[in-house]
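The values are calculated or read from the model by the stated rules, or taken from the named source; none is laboratory data. It should be emphasised that the depicted structure is a prediction, and the values quoted were computed from it without experimental measurement. Backbone-built Cβ (ideal geometry, glycine too); neighbour counts: all protein chains shown.
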Ligand code: FAD
Ligand code: 2HG
Ligand code: ZN
């Protein structure tokens, strides 16, 4: 290891091979996983990433790629052996080019998502990926996890937003797939192998991203309703009125909103009395505000007239729209303050969400008196964060010991609905084991064959995504 460290220092410079004060790199955002990195390596560009990976391969050093370290599944956290190097992508933060006529942006992996959104806006374009961690997550991490977020309903998830990639393979070769084409049927589309591969097949160093016309009009509202079934009806109604202008549809249980109000006391009460379920909606349009407002208003009036919603608050300013969004975006952090919860990031067909929720909740309550399910998420995508907070009187460690049982209660029902045990966060080390429980053995086997073909030494993010 000393020889490896000496060589990598010669390559990157002493300042970019960290072996002390590594706490920020050793623990995940949730504080659930802590590892012990051999070192943190901070290459400056693709050539340095390639040379570093070659050096790791020559010395048999395992690599854990790390972007903004906001992942939910411990994918960017090394194990406790002290033998794995964290490869931090933060210095690869250059914009290589923007082509407004082609509607593309070519950037390096370490660019922070919010800076890319701002860059697109400065060119009167939209880069639509949007999620609570956007101030610190990096585009490389977004691509490696195929992140979802709050505008998938209209624009798709990260996979749909990537036209080209540059990847350093586990042997240190640079695979240049940086094409800015919307049509290209020349064999297997290799970029899709790396999107969502969570650092297990190579290191993403750059990408060509899709841009869209900038929305100049926005409408945001928070609606109160009684059941997820009504929320589903509302989704259909809003889309019927607004078509593709309807961009976000986020469901929240009352417990989720109450938790935000408890830990963020400045959060306003939006309705006179609590309602069992609430929905945050957004529509946007490249054309004028008046036409959008009229369509949005007509849709909401229709929903009220049909009794689909009980009440609604429509934002009348940008500041109010931000305040409404803050209620939704703060749920995750509120749950952190409340003590760790047993997370489920599940997907079922959109039409099955109400049935799924109605089936799981009684099972949980029967198993654990006083259990506090905090259910919210991207209903428009059939993706719920079905996070189960500990019952009153339980300590966090005691509750964590229930993880396998709680997982089985929730995920067995997900499986019966033909759903997914990880809709948008990936697997990392949190959910890798579920592969064996809920994926067909042949599917897992094909994944293992791909891993073996690209990473025969097994050095790229070992034991993440695929269980040992
Ligand atoms: P990291 O956490 O650093 O890494 C994630 C995984 O990608 C790891 O396996 C890592 O090894 C790998 N990786 C990172 N960079 C590279 C690279 N360049 N090449 C190869 N592999 C790499 N996720 C959603 O999908 N939707 C949401 O709505 C959402 N909301 C969130 C809200 C909050 C408050 C927080 C804290 C997180 C949220 N997330 C959400 C999860 C997280 O932000 C995303 O998964 C994000 O895409 C991770 O990016 P990152 O740069 O932080 O990656
Ligand atoms: C969100 O949609 C994120 O807010 C985080 O995906 C979900 O913390 C979670 O479980
Ligand atoms: Zn989410």
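What about residue 338, is it in contact with a helix residue (DSSP H, G or I) (Cβ under 9 Å, 6 or more places away or on another chain), away from ligand 2 (no atom under 12 Å from the Cβ) and touching a residue at least 24 places away in the same chain (Cβ under 8 Å)? So residue 338 fails the test. The number of residues in the stretch 314-336 being touching a strand residue (DSSP E or B) at 6+ places or on another chain (Cβ under 9 Å) and surrounded by 15 or more Cβ atoms within 10 Å (Cβ to Cβ) comes to 12. Filtering the stretch 44-59 for residues that are assigned to a loop (DSSP other than H, G, I, E, B) and over 24 Å from residue 135 (Cα atoms) leaves an empty set. Just the residues that are part of a helix (DSSP H, G or I) and either surrounded by fewer than 15 Cβ atoms within 10 Å (Cβ to Cβ) or in contact with a strand residue (DSSP E or B) (Cβ under 7 Å, 6 or more places away or on another chain) (or both), please, taken from the stretch 337-352. The answer is 337, 338, 351. Does residue 345 satisfy being within 15 Å of ligand 3 (Cβ to nearest atom) and in contact (Cβ under 8 Å) with a residue 60 or more places away in the chain? It is true that residue 345 is within 15 Å of ligand 3 (Cβ to nearest atom) and in contact (Cβ under 8 Å) with a residue 60 or more places away in the chain.
Yes or no: residue 417 within 28 Å of residue 281 (Cα to Cα) and away from ligand 2 (no atom under 16 Å from the Cβ)?
So residue 417 passes the test.
The residues of the stretch 123-180 include none that are within 13 Å of ligand 3 (Cβ to nearest atom) and within 19 Å of residue 50 (Cβ to Cβ). Within the stretch 298-313, being surrounded by fewer than 15 Cβ atoms within 10 Å (Cβ to Cβ) and in contact with a strand residue (DSSP E or B) (Cβ under 8 Å, 6 or more places away or on another chain) holds for one residue alone: 304. Residues that are loosely packed, with under 15 Cβ neighbours inside 10 Å and either closer than 16 Å to residue 255 by Cα or within 12 Å of ligand 2 (Cβ to nearest atom) (or both) within the stretch 353-368 comprise 358, 362, 365, listed in sequence order.
Among helices (runs of 4 or more DSSP H) entirely within the stretch 126-222, having at least 3 residues that are within 15 Å of ligand 1 (Cβ to nearest atom), in contact (Cβ under 8 Å) with a residue 24 or more places away in the chain and buried (at least 18 other Cβ atoms within 10 Å of the Cβ) singles out 139-145, 152-155. One residue stands out in the stretch 377-400 among those that are surrounded by fewer than 18 Cβ atoms within 10 Å (Cβ to Cβ) and within 16 Å of ligand 2 (Cβ to nearest atom): the one that is nearest to residue 358 (Cα to Cα), namely 400.
Hey, any hits in the stretch 274-296 for a residue that's closer than 30 Å to residue 179 by Cα, in a strand (DSSP E or B) and in contact with a strand residue (DSSP E or B) (Cβ under 9 Å, 6 or more places away or on another chain)? Scanning the stretch 274-296 turns up at least one residue that is closer than 30 Å to residue 179 by Cα, in a strand (DSSP E or B) and in contact with a strand residue (DSSP E or B) (Cβ under 9 Å, 6 or more places away or on another chain).
Of all residues in the stretch 303-330, how many are in contact with a helix residue (DSSP H, G or I) (Cβ under 6 Å, 6 or more places away or on another chain) and either away from ligand 3 (no atom under 16 Å from the Cβ) or not in a helix (DSSP H, G or I) (or both)? Give the steps one after another, and end with the answer.
As a first pass, look at the stretch 303-330 and keep what is in contact with a helix residue (DSSP H, G or I) (Cβ under 6 Å, 6 or more places away or on another chain): 303, 308-309, 312, 315, 327, 330.
Remaining after also requiring either away from ligand 3 (no atom under 16 Å from the Cβ) or not in a helix (DSSP H, G or I) (or both): 303, 308-309, 312, 315, 330.
Adding up the residues that qualify gives 6.
Might you let me know whether the stretch 242-252 holds any residue that is assigned to a loop (DSSP other than H, G, I, E, B), over 23 Å from the mean Cα position of the chain (by Cα), away from ligand 3 (no atom under 16 Å from the Cβ) and on the phi < 0 side of the Ramachandran plot? No, the stretch 242-252 has no match at all. Scanning the stretch 8-50 for residues being without any contact (Cβ under 8 Å) to a residue 24 or more places away in the chain and touching a strand residue (DSSP E or B) at 6+ places or on another chain (Cβ under 7 Å) gives a total of 2.
If the condition is being under 19 Å from the mean Cα position of the chain (by Cα) and in contact (Cβ under 8 Å) with a residue 24 or more places away in the chain, then the stretch 113-125 contributes 113, 116.
Out of all the residues in the stretch 22-77, which are out of contact with any helix residue (DSSP H, G or I) (no Cβ under 7 Å at 6 or more places or on another chain), away from ligand 1 (no atom under 13 Å from the Cβ) and within 27 Å of residue 397 (Cα to Cα)? Scanning the stretch 22-77 gives 22, 23. Check the stretch 350-373 and report whether any residue there is under 19 Å from the mean Cα position of the chain (by Cα), modelled with pLDDT of 95 or more and within 16 Å of ligand 1 (Cβ to nearest atom). There is no residue in the stretch 350-373 that is under 19 Å from the mean Cα position of the chain (by Cα), modelled with pLDDT of 95 or more and within 16 Å of ligand 1 (Cβ to nearest atom).
Taking residue 403 as the residue in question, decide whether it is under 25 Å from residue 427 (Cα atoms), at pLDDT below 95 and either exposed (fewer than 15 other Cβ atoms within 10 Å of the Cβ) or within 13 Å of ligand 3 (Cβ to nearest atom) (or both). No. Residue 374: under 14 Å from residue 414 (Cα atoms), surrounded by 23 or more Cβ atoms within 10 Å (Cβ to Cβ) and touching a residue at least 40 places away in the same chain (Cβ under 8 Å), yes or no? In short, no.
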